[in-house]
Each structure stands twice: as C-alpha cells, then as structure tokens.
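A short worksheet on the structure shown next.
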Amino acid sequence: MPTLLFKPLLFSGLLFTSLLSYGQTPDINYDESKVPPYTLPDPLVTKAGKKVTTVRQWETGRRPELLKLFADNLYGRTPERRLKTRYEVRSVDSSALGGTAIRKQISVVWTEYPDLPSLELLLYVPKNRVGNNRPPVFVGLNYMGNHSITTEPGIALSTHWLPNRPDGKVVNNRATEAARGVQQSRWPLELIISKGYAVATAYYGDLEPDHPEGWKTGIRSVLDPPTTARPDSWQAIGVWAWGMSRMLDYLETDGLVDAKRAIVIGHSRQGKAALWAGAQDQRFAAVIANESGEGGAALSRRIYGETIERLNSSFPHWFCPQYRSYVNRPEALPVDQHELLALIAPRPLYVASAEGDRWADPKGEFLSARHTDPVYQLYGKKGIGIDTWPSVHQPVGETVRYHLRTGEHDVKRYDWEQFLDFAEKTIDRRQ
Ligand code: GCU
C-alpha cells in the first residue's frame, strides 16, 4: 500500500527529469541580467488585503495566517500528537576536548514504538563559562552521524542508515570507524566551546533517512505517514524541523545548558529545516540558516539558481505535495521566503551565503533577509537596513544579519566566527 501510493511522487520526479533532459523546462539561470521582474507579497498585508500596523495584529492575525500558508503550500502540516519519550543518558565525560568540555550522549527513545530508531543526541558543554550562568546552546542536525563531527573516540558510531560514500568510509549504508571526523571542519567545537557556547547535535537520518523511501523507517512511519496523501502532508523537511524541537524538549530538562537561549542552526537542506523549526517553535531564541537556498532563505520569485521544479524533481520527499503545483509559476505561491524569515521576528536571525554557491542564489538570500525589515521594525528592531548586496566578508545588519563568504557550498570556520559574534551581541546579552 505505501509503495503504491508513493509511486506518483517518484513518477513525477522522473517526468520532470525527462522533461528537463529534452530541454522543455527552462535552463537554470545564472545571469543576473536575465532575472525576470517580480513582485513580492507584502508580509504586512493580510490575505484579506488589510494592512498590519501593530505587533498585536501581527501576532494574533497575520503571523498565524502566514504560518498556515507555509504549512499548506511548502512544508506540510506538523502533527500535533506528541510521541512519548524516554531519555537514556549513555555516557558523560567531564574532560572532553582536552578537558575544556563536558560531553554527554543521550538516546531519545520513542517508548510507544520500540522498533523506531532512537534519536541519538550528542551534547558538548563548555566548562569555562564566565560567571555561573548556564551557556546558550546551538541546536542542529548533522549529515553523517555524531561520530562525523569530531574524531573524539568516545562517541558512539551511528548504527543507523547512512548514505554510502565513494571513499569507502560508509559501506552498505553503515558507518565504519574510518568515518570518524569526516565532517569535523563543519563543527569547530574548540572554537565554539572556547567562546562559552554549548552544542547539541544529532544525525538527521535518525529522524528520517534522506531518500524517497526513508519515511518507512523514520518518524513518519508512525506519525502522519504519507499514505494519507493530503496536499499538506508533511515530508522530510517537516520531520527534521520537528526533530529539532524534540532536541529542545530534552535540553529543557538538562540543567547544564540554558534552553531559553537555544539557537537553531542548519546548513543547506538543514538550513531550510532550521528556518521552519524556528518559525514554528518560538522557544528557539535565535535562528541561523547557512546557504539554505531554494525553499529556505532564497526568494522563490527571483529566478536564479535552483528552482521549485528542480527542488521537487530531485527531492520528491522533502516538501508537501501542494508545493509541486507551483512548478514554473512561483508567482502563484501565496507567500515568498522573506515571509518565512519574518516569522522569526523579533528574534535574532542570521542568513549566510557563499559566493561559489550560486545554486542557492546568494543575492536572493540577501534580498529575502532585507525584506523582513518592516516586520522587525514593528518590534522596534533594526534588521538588514541596506539595499545593496554587500561584497564578500562584509557582514551587514543588526537583529537580522547577513554575510557572503568566499568559496563553495559548505560550513566554514569563517561562518561560525560570524555566528558566534552575532550570538554574543544578541542573545548572550540576555542573561
Ligand atoms: C541540493 C539541493 C539544495 C540543498 C542542497 C543541500 O543541492 O538542490 O536545495 O540545499 O542539496 O542540502 O546540500
């Protein structure tokens, strides 16, 4: 039954790919002079055409309206049912990272569903925090398993499904010892810890393996499975976002960190998920989206780099079915991505791009951040504040901040340096 119902998704993916190879869909545009003109919807005008002028009108009317529009048209509806959980502390090492940090591993077990893979949390907490206040905590999912973010040997090797790697470090979809630290450059733990911040991470595939059949062994196998096939059925991005809120549920119970100052962070597809998590769950005190691109921070109506068509044909399991109806007609979407970013207001928001990541439309990410300004202004906050797309390594903005880094699609030390500086200037001041 599930397989049969899934076929239309796969089929539409194949159809789009073949149309593309016959040249019937427009090519990807990388030419600024060929970006067609577009008009963005106004975040401060309701569907009924009423102008929003107060925080109250925003919070009680327009904000919930926008949230629903994003659920209905992009990310799907997040189920309200709570899964029962049990937290099992697997290990505590109080002299991790050369004695600078406490490292904890915790399994989030879904007690009603013993066969469902657990969510394995890895938490690093600085020991050097000045004063006795508990540290703010970055919350983000990793791509290759907890063992991939550092070579510290005490970390359990993920036993869950992982994409195979051409370098032979993941074989038969299982991690090998050689996979330790393969993504450590994306998680500069020493730097983060030395600045007094904690980090909580988990492997995104614990929640749903990232392929079209992945839902069958993930959270969606028990919570609103796609067999219901509604236009607003949630898919993988929705599940990953939900998972970050479940990480925060755990952190609220752990006295080592200040869960009131949790910063949700994600790169690329996880940047899309982090934005959706931050939009829905206002317990996140700040949001960071690194190179999140189409369906993330980048404007959909600006035709540059990845398109809605390519996103859905390559990754049919990420967004809700309704999103596909906007292929080649982003102007029909009742929202654009600056309105997703505006749902973070008045909380601090960081949007980061890389020069070599044209696929994610760096300028479209900047403009999207810029167009949140009127909503931040409602709260008396200064957002980006300038119209000109800044050149590389020139971060701009206050409560909404943006930078363009040199180099490719990745998370670099430079990015973390900016994020840490931003966190220090915004949520860290709030003790
Ligand atoms: C692909 C996809 C992007 C996504 C990226 C990533 O390039 O098209 O939308 O952001 O993968 O997650 O690395």
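The residue among 97, 313, 85 whose Cα reaches farthest toward the positive pole of the charge dipole of the chain, with charges on the beta-carbon of Lys, Arg, Asp and Glu, is 85.
Efficiency by 1/(1 + (r/R0)^6): what FRET value for residue 50 and residue 386, r their Cβ-Cβ distance, R0 = 22 Å, to the nearest 0.05?
0.15
If you count the DSSP beta bridges with both ends in the chain, what percent of them are antiparallel, to the nearest 5? Before the final figure, lay out each step's value.
Values: 25 of 50 bridges.
Taking every DSSP beta bridge with both residues in the chain, the antiparallel ones total about 50 percent.
When +1 charges are put on Lys and Arg Cβ atoms and -1 charges on Asp and Glu Cβ atoms, the dipole computed for the chain relative to its Cα centre reaches about 960 debye. For the stretch 42-152, the residue among 53, 124, 111 whose Cα projects farthest onto the positive side of the dipole built from Cβ charges is 53.
Taking the chain as a Gaussian network of alpha-carbon nodes connected by springs under 10 Å, the highest mean-square fluctuation of the residues 403, 317, 211 belongs to 211.
Build a GNM of the chain with springs between Cα atoms under 10 Å apart, and of 205, 305, 99 the one that fluctuates most is 99. Bridging of residue 381 to aspartates and glutamates at a Cα separation below 14 Å is possible for 373, 398, once same-chain residues fewer than 8 apart are set aside.
Taking the Cβ of residue 81 as the center, what net charge do the other residues with Cβ under 11 Å away carry, scoring Lys and Arg +1 and Asp and Glu -1?
With Lys, Arg at +1 and Asp, Glu at -1, the neighbours total -1.
In plain terms, the chain from residue 151 to residue 406 could stretch by 89.1 nm, reckoned as 0.36 nm per residue minus the Cα-Cα distance.
Could you work out [θ]222 nm for the chain from helices alone, using -39500 (n - 2.57) per DSSP H run of at least four and dividing by all its residues? Round to the nearest 500 deg cm²/dmol. List each step's numbers first, then the result.
Values: 11 runs with 107 residues, N = 431.
-7000 deg cm²/dmol, from helical runs alone.
Kindly give the semi-axes, whole Å and largest first, of the ellipsoid equivalent to the chain, taking each as the square root of 5 times a Cα gyration tensor eigenvalue. Don't skip to the answer; put the middle values down first.
Working: eigenvalues 194, 146, 91 Å².
For the chain, the semi-axes come out at 31, 27, 21 Å.
Here the chain has 53 percent of its accessible surface on carbon and sulfur atoms, given a 1.4 Å probe and all protein chains in place.
Cross-link check: pairs 195/272; 68/216; 169/272; 272/363 evaluated at a Cα-Cα cut-off of 19 Å; pairs beyond the cut-off: 195/272; 68/216; 169/272. For the stretch 249-319, GluC sites (Glu not before Pro) are listed when DSSP marks them as loop and at most 15 other Cβ atoms sit within 10 Å of their Cβ; the list is 252.
Sorting 144, 244 by accessible area (1.4 Å probe), largest first, what list results?
144, 244
Taking the inverse of the mean reciprocal distance over all distinct Cα pairs, the Kirkwood hydrodynamic radius of the stretch 66-174 comes to 17.0 Å.
The chymotrypsin sites (Phe, Trp or Tyr not before Pro) of the stretch 233-271 include none that DSSP puts in a loop with a beta carbon having at most 16 other beta carbons within 10 Å.
Select from the stretch 311-368 those GluC sites (Glu not before Pro) which occupy a DSSP coil region and have at most 16 other Cβ atoms within 10 Å, ordered by residue number.
355
The values are calculated or read from the model by the stated rules, or taken from the named source; none is laboratory data. A quick note: this is a predicted structure, and the numbers were derived from the prediction, not measured. Virtual Cβ from ideal backbone geometry, glycine too; neighbours counted across all protein chains shown. The protein model used for the area step is the full one, side chains on, heavy atoms only, and it has no ligands, DNA or RNA in it. Shrake-Rupley method; radii C 1.70, N 1.55, O 1.52, S 1.80 Å.
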